[in-house]
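To keep things clear, I will list the structure first and then write my remarks on it.
The values are calculated or read from the model by the stated rules, or taken from the named source; none is laboratory data. Since we're looking at a predicted model, the values are computed, not measured. Methodologically, a virtual Cβ is constructed for each residue, glycine included, from the backbone with ideal geometry; neighbour enumeration extends over all protein chains shown.
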Amino acid sequence: MFQTILIWTEATFTFAFLILALACTYPFKKNRFPPYAVTIFWILLFTAVYKPLEIYTGSFYVYLAVVFIFAFLFTFLFQKQGLFAKTAFIIAYICSIVFIKSSLLPLLSATHQTLDGELTAAGHAIFYTALAMCTLFFSSHPLIFQPQLPQKYICLMTLSPFAIAVLAQMYISFARQNDSNLFFSVAMPLCILCIILINYYLNYLIISTFENVLETNSFNQKLQLQIDNMNRSSAIISQIRQEKHELRNNYFYIQSLVKRKNYEELEKYLDTELEYRFNTMEEFQTGNVMLDHLLTQKVSEAREQQIHVITDILLISKISIKDNDLCAVLMNLLDNAIDASKAEIEKDIHITLSVVKNYLNIQVKNKCSYDVLKENKTLKTTKNDKDNHGLGLKIIHSIVDKYNGIFKASMENGYFVVHIMLELNDM
């Protein structure tokens, strides 16, 4: 009776180990039902669906197919993280089940721990212990594919354990027909199991290393931004010193004209020189000090290059975009626009900043005499220092991704236009 119960529940318990491994590895989506209730319900649902099929077919491959489908639906419906990563996890775990069973059956048969081809109580205890160890291994090394991970890596990581398992199973089936050697029957599946686990662990290491590289790049970007901020602050201080020096000279010159009562020359000086200086010293007041400094500096840089700048800025006092992220995006856009405008006859830059519904709208466009996107579809830098100059666009894209934003580059009426939308929170 007890042996019958063990055999009848083996499929359910094996599936339960897989579902528990998934539940311990990946977080659940928000649901009105607690995770443990969802997990138990899904195991019972699997049992209710599979048991009639088991009686009708009795095929181990049908069992594996049903296990995969139910595990896939479970993680798709109830769990977070990328579907490819969870699929690779499921395939590797199912392949491990196959080769644990394949290695145990001949070994336990030789030690009389099977009955009519089925595991005894002791055999089930060994099998479930192996599954528990397998569950601990998989849950301790979760696969979490980063969005930046190349698609070919994801496909290879997802399919590699399955490909190994299929080829190995074909070889084992062929070999067993020609050789019933116990050592081969036990050792070969164990070797394949080790290969699958090692392959899975290597995938885990690749993903972890890639994640560390991304974190390092992010840190380097932030460090570069801090350096840029320091350089910008230093430039502002130098500009203030220069303007202070010029203001003192203007004061002494005006004072000398007044003392000499040369009012005609004084009026001419006030109408020409000083008016020009005040017009070029545009001051921005957006409510964001860092943004004000950045706009002041970049607009001054552009006008020093005889570039006509038109600004249309309408921002609320506080937005949820971090200052350093906003300045990083705008600084890189303006640097690119200024560099591109230097080579143009008509030098013209338009800057637009506004809040549209739940998004921060950023648009920078510069006059361009040729279609940039036809000659350079991916917007790769054409400068000699490609590592440094190509970093700007990467920083922009990373910040756009961070705020679930939109990046669009286009040509419109002789202008190269970059349009960015960044999602705002609590608006």
Options 279, 262; residue that is over 30 Å from residue 163 (Cβ atoms) and at pLDDT 80 or above: 262
Please identify the pairs in which a residue from the stretch 350-361 that is in the same structural domain as residue 416 (by TED's automatic domain parsing) has its Cβ atom under 7 Å from the Cβ atom of a residue that is at pLDDT 90 or above and of a type in the set (Gly, Ala, Ser), counting only partners at least 6 apart or on another chain. 361/354
Taking the residues in the stretch 282-310 that are at pLDDT 85 or above and more than 20 Å from residue 243 (Cα to Cα) as candidates, determine which candidate is surrounded by the fewest Cβ atoms within 10 Å (Cβ to Cβ). 310
In this structure, is residue 127 surrounded by fewer than 19 Cβ atoms within 10 Å (Cβ to Cβ), assigned to a helix (DSSP H, G or I) and either modelled with pLDDT of 85 or more or not polar (S, T, N, Q) (or both)? no
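Could we say that residue 45 is surrounded by fewer than 16 Cβ atoms within 10 Å (Cβ to Cβ), more than 27 Å from the chain's Cα centre (by Cα), in a helix (DSSP H, G or I) and modelled with pLDDT of 90 or more here?
Taking the combined requirement at face value, the residue satisfies it.
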Determine, yes or no, whether residue 15 is hydrophobic (A, V, I, L, M, F, W, C) and assigned to a helix (DSSP H, G or I). yes
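Considering each residue of the stretch 411-427, count those that are closer than 22 Å to residue 347 by Cβ and surrounded by fewer than 13 Cβ atoms within 10 Å (Cβ to Cβ), and give that number.
Total meeting the criteria: 2.
Quick check on the stretch 352-371: of everything there that is more than 25 Å from the chain's Cα centre (by Cα) and β-branched (Val, Ile, Thr), which residue is surrounded by the most Cβ atoms within 10 Å (Cβ to Cβ)?
Residue satisfying both the conditions and the ranking: 364.
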Being at pLDDT 70 or above, in the same structural domain as residue 87 (by TED's automatic domain parsing), more than 22 Å from residue 138 (Cβ to Cβ) and part of a helix (DSSP H, G or I) narrows it down to one residue among 163, 187, 175; which is it? 187
Which residue out of 150, 142 is at pLDDT 75 or above and within 22 Å of the chain's Cα centre (by Cα)? 142
Kindly list, by first and then second residue, each pair from a residue in the stretch 212-226 that is in a helix (DSSP H, G or I) to a residue that is among the acidic types (Asp, Glu), limited to pairs with Cβ atoms under 9 Å and residues at least 6 apart or on different chains. 225/325
